[in-house]
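Engineer: Quick one: the structure is below, and I'll ask about it shortly.
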Amino acid sequence: MFLSGTVFSQKPVNKESAEEKKIQILIRKMTIQEKAGLLHANSKFFVSGVKRLGIPEWSLSDGPHGVRAEINRNDWGYSGWTTDSSTCFPTGTALAASWNPQLAYDRGLVLGEEARFRKKDILLGPAINIIRSPLCGRNFEYLSEDPYLISEMTVPYIKALQSKDVAASVKHYLANNEEENRFKIDVYMSDRALHEIYLPGLKQQFRKVAP
């Protein structure tokens with residue numbers, strides 16, 4: 001699982017396992033530039049690998065409601081593939097209105113299967129930001145204004161997605177309540193609102209999904 005640039009496995013880390021030891025050896029062999037390259041995109045929906053160490057390039061895709069049709073690497077145009085059809089699910093608000101965690105799990109399974117078929121390593125979702133303002137242009141992507149409901153619906157979604165060997169990128173962190181100038185605005189809120197409304201849903205992802 002990804003959250004604000006941090007990666008989590010769906011399994012507890014055994015520091016003595018052969019897999020973990022191999023990871024640590026690879027990290028020690030990487031240059032600063034190679035490590036930094038894993039933290040940002042090299043084009044639309046791709047992250048650089050480290051070819052000399054056998055680390056493959058990562059392929060990402062939107063999104064919360066279905067695996068997006070293939071995008072060109074260097075612009076937002078569609079690639080025109082005929083093999084990139086996928087299921088379009090109801091929006092996040094509709095999923096949350098079901099109050100059905102099993103339905104969220106089943107959705108995660110299908111998303112994971114379709115993403116893996118398309119050789120996607122990371123799906124950019126679920127979108128769990130709080131629906132606080134009716135003016136937010138992406139409210140339809142989000143689930144609810146209720147942090148508890150968000151937690152109950154997204155944990156099974158993520159576990160199902162990860163069971164298909166696809167990582168989840170939980171978004172959008174944090175207090176993303178408008179589209180206008182969303183890369184520039186400075187959000188002010190009370191400490192109580194931060195801890196009682198915005199953070200609980202994210203904290204549950206750490207507790208119930210990540211080790």
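The values are calculated or read from the model by the stated rules, or taken from the named source; none is laboratory data. This structure is a prediction, so every number in the text was calculated from the model and none was measured. Counting neighbours? That spans all protein chains shown, and the Cβs are built from the backbone with ideal geometry, glycine included. In case anyone asks, the SASA skips ligands and DNA or RNA and just uses the protein heavy atoms, side chains included. Shrake-Rupley method; radii C 1.70, N 1.55, O 1.52, S 1.80 Å.
Engineer: In deg cm²/dmol and to the nearest 500, what is the mean residue ellipticity at 222 nm of the chain if only DSSP H runs of at least 4 residues count, each as -39500 (n - 2.57), divided by the residue total? Spell out each step's value before the answer.
Structural biologist: Values: 6 runs with 67 residues, N = 211.
Using -39500 (n - 2.57) per qualifying helix, the result is -9500 deg cm²/dmol.
Engineer: With every protein chain present, what is the per residue accessible area of the chain (1.4 Å probe, Å²)? List each step's numbers first, then the result.
Structural biologist: Values: 12240 Å² over 211 residues.
With the other protein chains kept in place, the chain gives 58 Å² per residue.
Engineer: Another question, then. Please identify every one of the GluC sites (Glu not before Pro) in the range 109-179 that sits in a loop by DSSP and has no more than 16 other beta carbons within 10 Å of its own beta carbon.
Structural biologist: Values: sites: GLU113, GLU114, GLU141, GLU145, GLU152, GLU178, GLU179; in loops: GLU145, GLU178, GLU179.
Passing both the DSSP loop test and the Cβ count: GLU145, GLU178, GLU179.
Engineer: Hey, any idea what % of the range 117-211's accessible area is carbon plus sulfur with a 1.4 Å probe? Could the numbers behind the result be given before it?
Structural biologist: Working: 2630 of 4950 Å².
Carbon plus sulfur share of accessible area: 53 percent.
Engineer: For VAL50, what residues show an amide H to amide H distance below 5 Å, using hydrogens built from the backbone and excluding near sequence neighbours?
Structural biologist: ILE55
Engineer: Something else about it: Could you tell me which of the pairs LYS51/LYS203; LYS51/LYS208; LYS51/LYS120 are separated by over 24 angstrom between their Cα atoms in the structure shown? Before the final figure, lay out each step's value.
Structural biologist: Numbers: LYS51/LYS203 35 Å; LYS51/LYS208 34 Å; LYS51/LYS120 18 Å.
With Cα atoms farther than 24 Å apart: LYS51/LYS203; LYS51/LYS208.
Engineer: Find how many whole Å separate the alpha carbon centroid of the range 63-125 from the alpha carbon centroid of the range 142-211.
Structural biologist: A separation of 18 Å, based on Cα centres.
Engineer: Let me check against my output: what whole-number percent is the relative contact order of the chain, with C-alpha pairs under 8 Å and at least 6 apart? All intermediate terms of the calculation are to be shown ahead of the outcome.
Structural biologist: Details: 343 pairs, mean separation 49.3, N = 211.
Relative contact order for the chain comes out at 23 percent.
Engineer: I'd like to compare 184-190, 37-43: which one has the highest average count of other Cβ atoms within 10 Å, and what's the full order after that? List each step's numbers first, then the result.
Structural biologist: On the way: 184-190: 9.1, 37-43: 12.7.
My ranking of the peptides, most packed first, is 37-43, 184-190.
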